[in-house]
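Inspection log for the structure reproduced underneath, given as C-alpha cells.
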Amino acid sequence: MARQWTTEMVSRLWTYLDLGNAYPWSIGPVGRERLQAIMPEISADFFDPPAEELNVSLREIVSPLLRTGERRLPLAIWIVKNWGGIGAISDDVIRDWMDSLQDFARQSVQKFVEANTTSRISSWSKLLAFADHKQYAVYDARTAVALNCAFAAEGMKLYFPMPNGRNDVIREAQGLLLRRHCNSSVVLGYDDYIGLLEAVAKQRLARSVIAAEMVIFSNAPEVARRFGEGNTARG
C-alpha cells in the first residue's frame, strides 16, 4: 500500500524543493527529426510553445499511439533514447517492456511496476509518463536525490532508491545521502512517489502531477548543492 502523505509533510517538503528555478525543456533537432519520421503529422511549429505546455501537448499527442498500433515500439524507443537521452538501453528491452505494459491499463501497469520495482526505473517510468501524464510521472536520479535531500533535511526517515545520476552535484549529494541518511530509513517505491506528486497537486502547490515533477527535476541540482554545503559545513 502506498504511503499516505499528510498536508504538513507535503508543505514542509515543498518549501525545501520549490526554489523557483526553471529548466530549459526542449527537444533538439535530431529528436524532432526522428519524432517527425514516426509521426509525419506533426508540423514544425508544434515544438514552439513554452516548456510546460510543450511537455504536456507532446504527451497528449503521443499517448494514444503508444497504447495501440504499429507505431507503439518506435515511439517507445524515441521516448527512452531520444527524449530521455538513455541511449545505452537496447531496443529488445524496450520491446519487452511494451509487451508487458500492453495498452497501459491500470492493472497491467501495476503488475509491471511490482515486477520491476526500481530496476531501470529512469527508463520505464518515462513510458508511463507519456502513456498517461495525469496518472504517472518520470522517476529518475534528479527527482529521487532531491526528495531524499528534503527528507534528510526535514528529519524524515524516508528514502527513495536513487538511480545513478550524470550530474556531478547530484552524484555528490547521492553519496552523502547513502552514507548518512538512507541506511536507517524506510524505503519507498514508485507508487509512493506518484502519491506524493498527487498530494502536491491536490494542495495546489503545483498545477498537476507533471508540473510537480517538473519543479522537483528543475530544482534538483540547487537542492542537492545546498544539501551538500550544509552537510559539509557540519563535517
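Values for this structure:
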{"item": "Eligible aspartates and glutamates near LYS202 by straight Cα distance, threshold 17 Å, same-chain separation 8 or greater", "result": "GLU8, ASP18, ASP191, ASP192, GLU213"}
{"item": "Nearest-10 value in Å² for the accessible area of ARG106, using the 1.4 Å probe", "result": "150 Å²"}
{"item": "Inverse mean reciprocal Cα-Cα distance (Kirkwood Rh) of the stretch 1-151, Å", "result": "16.8 Å"}
{"item": "Whole-angstrom gap from the stretch 1-26 to the stretch 182-221, using each part's C-alpha centre", "result": "5 Å"}
{"item": "12 Å beta-carbon shell around LEU128, net charge (K/R +1, D/E -1)", "result": "+2"}
{"item": "Total charge dipole magnitude, the chain, about the Cα centre, Cβ charges on Lys, Arg, Asp, Glu only, Debye to nearest 20", "result": "600 debye"}
{"item": "Unit charges on C-beta of K, R, D, E only; dipole of the stretch 72-148, Debye", "result": "200 debye"}
{"item": "Point-to-point label distance, ASP191-SER90, nm (Cα→Cβ direction, 7 Å offset)", "result": "3.1 nm"}
{"item": "Of SER100, PRO163, CYS149, farthest towards positive along the dipole that unit charges on Lys, Arg, Asp, Glu beta carbons give the chain", "result": "CYS149"}
{"item": "Environment charge of ARG72, counting only residues whose C-beta is closer than 14 Å and scoring Lys/Arg +1, Asp/Glu -1", "result": "-2"}
{"item": "Trypsin sites (Lys or Arg not before Pro) restricted to the stretch 151-190 and DSSP loop, no more than 16 other C-beta within 10 Å", "result": "LYS157, ARG166"}
{"item": "Amide H contacts under 5 Å for TYR159, placed H, 5+ residues apart", "result": "VAL186, LEU188"}
{"item": "LYS81, LYS134, reordered so the largest accessible area comes first (probe 1.4 Å)", "result": "LYS134, LYS81"}
{"item": "The stretch 65-134 - percent relative contact order, Cα under 8 Å, separation 6 or more", "result": "36 percent"}
{"item": "The chain: calculated mean residue ellipticity at 222 nm from DSSP helix runs of at least 4, using -39500 (n - 2.57)", "result": "-19000 deg cm²/dmol"}
{"item": "Added length on full extension, which subtracts the Cα-Cα distance from 0.36 nm per residue, ARG3 to GLN203", "result": "70.3 nm"}
{"item": "Stretchable slack from ASN116 to LEU54, in nm (0.36 nm times residue separation minus alpha-carbon distance)", "result": "19.4 nm"}
{"item": "Cα-based convex hull volume of the stretch 104-195 per residue, rounded to whole Å³", "result": "95 Å³"}
{"item": "Accessible area in square angstrom per residue, the chain, 1.4 angstrom probe", "result": "49 Å²"}
{"item": "Net charge over other residues, Cβ less than 14 angstrom from the Cβ of ARG34 (K, R count +1; D, E count -1)", "result": "+1"}
{"item": "Rounded FRET efficiency, nearest 0.05, which uses the C-beta distance separating ASN183 from LEU65 and R0 of 30 Å", "result": "0.10"}
{"item": "Charged-residue dipole, Cβ positions (Lys, Arg, Asp, Glu), the stretch 1-112 about Cα centre, Debye nearest 20", "result": "380 debye"}
{"item": "Rounded accessible area of VAL187 (nearest 10 Å², 1.4 Å probe)", "result": "90 Å²"}
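The values are calculated or read from the model by the stated rules, or taken from the named source; none is laboratory data. Values in this document were obtained by computation on a predicted structure and should not be read as measured data. As a convention, Cβ positions derive from the backbone with ideal geometry for all residues, glycine included, and neighbour counts pool all protein chains shown. With ligands, DNA and RNA removed, areas are computed over all heavy atoms of the protein, side chains included. Shrake-Rupley method; radii C 1.70, N 1.55, O 1.52, S 1.80 Å.
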